[in-house]
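Every number here is computed from the coordinates shown, using simple stated rules; none is lab data. Because the structure is predicted, anything quoted here is derived from the model rather than measured. All Cβ positions, glycine included, derive from the backbone under ideal geometry; neighbour counts span all protein chains shown.
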Amino acid sequence: MLHSIFGNFDYYSWITLPLIIFFSRVCDVSLGTIRHVFISKGFRKIVPLLGFFEVLIWIIVVAQVMKNLNNIACYLAWAGGFATGTYVGLLIEERLALGLQVIRIITNQNCDELIEALKKGNHGITVVDGQGAVGPVKMIFTIIKRKNVQAVAKLIREYNPTAFYSVEDIKNANQGVFTENSPGRFSSIRKIFPSGKSK
C-alpha cells in the first residue's frame, strides 16, 4: 500500500520544484541586497550586472510559480527563499565590510595613551577640546575603513573604557590617513569595479 502511495507521489512538483524556487529566491534576494549596498557605496559599474542576474533569476522563478498556482509548496518556498535570502544578503554585506565610517570619541579622562595608540595604528585623528555637561572633554575624530572599526573599538575599551563613542557611515572622504592593511579577500572588487570616489 505504501508503495502504491509513494509510487504515485509527484516528487518534482512537491519537492524538487519547491527546492529550486527556494534556492533561486535566496540567490536573487541576496543579489538585490548586495546591489543596494554597492549603490550606497558608489560601486556603480557592478550594479547593472548584479541587477541583470537578479531580475533574470526572479523572472524564471515567477514563471515556475505561475505554472503551479495550485501548489502550496511553491508559495511556501517562495516566501521562505525571500526571508532566507534577506538574511544571507545581510551576512554577505557584513562580510564585505565596504566603505568608510567615522568614529567620534568623547571623554573627560586623560586620553593621551589612546591618542598614541591610534597614531601607532596609523589611524588619522583630529582632537578637539570641548565642554560637556559635567566639565571639559576631549573629542577625538577618526575616519577609518569599516573593516577596522572593531580594532579601534578594542583600543578605546583598552585605553579609555569609560569614553563615549559613536560610529556612523560616511559616503565620501578626501585625503586623510588610513590604516594600511594587507589586501582583503574582496579587494579585487575594488580593482575591477572602482567606486570612482575620492580616496
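For the reader, a short list of remarks on this structure follows.
- By the count of neighbouring beta-carbon atoms within 10 Å, fewest first, 11, 87 end up ordered 11, 87.
- The spacing between segment 89-154 and segment 35-72, judged by their C-alpha centroids, is 37 Å.
- Phi-derived couplings, Karplus 6.51 cos²θ - 1.76 cosθ + 1.60 at θ = phi - 60°, listed residue by residue for segment 101-115: 9, 9, 10, 10, 10, 10, 8, 9, 9, 5, 10, 4, 5, 5, 4 Hz, with x used for Gly and Pro.
- Rg ratio (alpha-carbon, reference 2.2 N^0.38 Å) - segment 2-96: 1.31
- Shown for segment 27-157 is the translational diffusion coefficient from the Stokes-Einstein equation, using the Kirkwood radius over Cα pairs, a temperature of 10 °C and a viscosity of 1.306 mPa s: 86 µm²/s.
- For segment 2-96: relative contact order, % (alpha-carbon pairs under 8 angstrom, 6 or more apart): 47 percent
- Full extension of the chain between residue 83 and residue 133 yields a length gain of 13.5 nm, computed as 0.36 nm times the residue separation minus the alpha carbon distance.
- Length gained when the stretch residue 36-residue 91 is fully extended (0.36 nm per residue, less Cα-Cα span): 18.4 nm
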